[in-house]
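The values are calculated or read from the model by the stated rules, or taken from the named source; none is laboratory data. Predicted model only: the values in this text are computed from it and were never measured. Cβ: placed from backbone, ideal geometry, glycine included. Neighbour counts: every protein chain shown. Please note that ligands, DNA and RNA were not included when accessible areas were found on the heavy atoms of the full protein model with its side chains. Shrake-Rupley method; radii C 1.70, N 1.55, O 1.52, S 1.80 Å.
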Amino acid sequence: ERCQGIIAQYPDGHQQAAAIPLLDLAQRQHGGWLPLAAMNHVAEVLDMAPMRIYEVATFYTMFNRNPVGKYHVQICTTTPCMLRDSDMVVRACKENLGIGMGETTKDKL
């Protein structure tokens, strides 16, 4: 029902443009991450090849393909951020939380 409401916002022939909003909805429904089954369902609903949905989900950092904790911390590590010492932020997180990039604390927070 919610999917059809989102798809209805797009003109005929352009329903595939709903891929990002539908992936976002699926991620919210799965506790903050996108299991493969959810991506396959979005592909089916939009009548798209699953690979196209995987491409969208892997391109945008807003989509998590693995379970995440209650609090999801993202640190920019691009060149401009590195010039502003993002490595120090990464180091501080590792030292204080005891986890590395892409990891979740044992208490799932």
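Which trypsin sites (Lys or Arg not before Pro) does the range 80-109 hold that lie in a coil by DSSP with at most 13 other beta carbons within 10 Å?
Counting only loop positions with at most 13 other Cβ atoms within 10 Å, the trypsin sites (Lys or Arg not before Pro) in the range 80-109 are ARG84, LYS106, LYS108.
Compare the peptides 2-8, 95-101, 37-43 by average per-residue count of other Cβ atoms within 10 angstrom and give them in order, highest first.
Order by mean packing, descending: 37-43, 2-8, 95-101.
Below 14 angstrom from the Cβ of CYS81, what's the summed charge of the other residues (Lys, Arg +1; Asp, Glu -1)?
0
Net charge near CYS3: determine it from the other residues with C-beta under 12 Å of the C-beta of CYS3, scoring Lys and Arg +1 and Asp and Glu -1.
-2
Under a Cβ-only charge scheme (Lys and Arg +1, Asp and Glu -1), can you give me the dipole magnitude of the chain about the Cα centre, in debye to the nearest 20?
360
Kindly write out, for the range 72-88 in residue order, the coupling ³J(HN,Hα) from the Karplus curve 6.51 cos²θ - 1.76 cosθ + 1.60 (θ = phi - 60°), rounded to whole Hz, with x marking Gly and Pro.
My calculation for the range 72-88 gives 9, 9, 10, 10, 5, 10, 6, 4, x, 5, 5, 5, 9, 6, 5, 4, 5 Hz in order.
Aspartates and glutamates near LYS108 by alpha-carbon distance under 20 Å, same-chain residues fewer than 8 away left out - which ones?
Straight-line reach from LYS108, under 20 Å: GLU95.
Could you tell me what percent of the accessible area of the range 28-109 is made up of carbon and sulfur, with a 1.4 Å probe and every protein chain present? It would help to have the intermediate numbers written out before the result.
Values: 3440 of 6190 Å².
Of the solvent-accessible surface of the range 28-109, carbon and sulfur hold 55 percent.
Compute all pairwise cysteine Cβ distances in the chain, then list the cysteines with no distance under 4.7 Å to another cysteine.
Within the chain, the cysteines lacking a partner Cβ under 4.7 Å are CYS3, CYS93.
On average, how much accessible surface per residue is there in the range 52-109, in Å², for a 1.4 Å probe, leaving out ligands, DNA and RNA?
Details: 4700 Å² over 58 residues.
In whole numbers, the range 52-109 has 81 Å² accessible per residue.
Just one of (i) 167; (ii) 95; (iii) 122 is volume of the Cα convex hull per residue in Å³ calculated from these coordinates, so which is it?
Correct label is (iii).
Considering only the other residues whose Cβ falls under 12 Å of the Cβ of ASN64, what net charge follows from Lys and Arg at +1 and Asp and Glu at -1? Write down the numbers at each step before the final one.
Details: positive: ARG28, ARG65; negative: ASP24.
Here the count lands on +1.
Roughly speaking, what is the stretch gain from ASP107 to ARG28, that is 0.36 nm per residue apart minus the C-alpha to C-alpha distance, in nm to one decimal?
Numbers: separation 79, 0.36 × 79 = 28.44 nm, distance 2.05 nm.
Residue separation times 0.36 nm, minus the Cα-Cα distance, leaves 26.4 nm.
At R0 = 35 Å, how high is the FRET efficiency between ALA17 and GLU95 if r is their beta carbon distance? Nearest 0.05 is fine.
0.20
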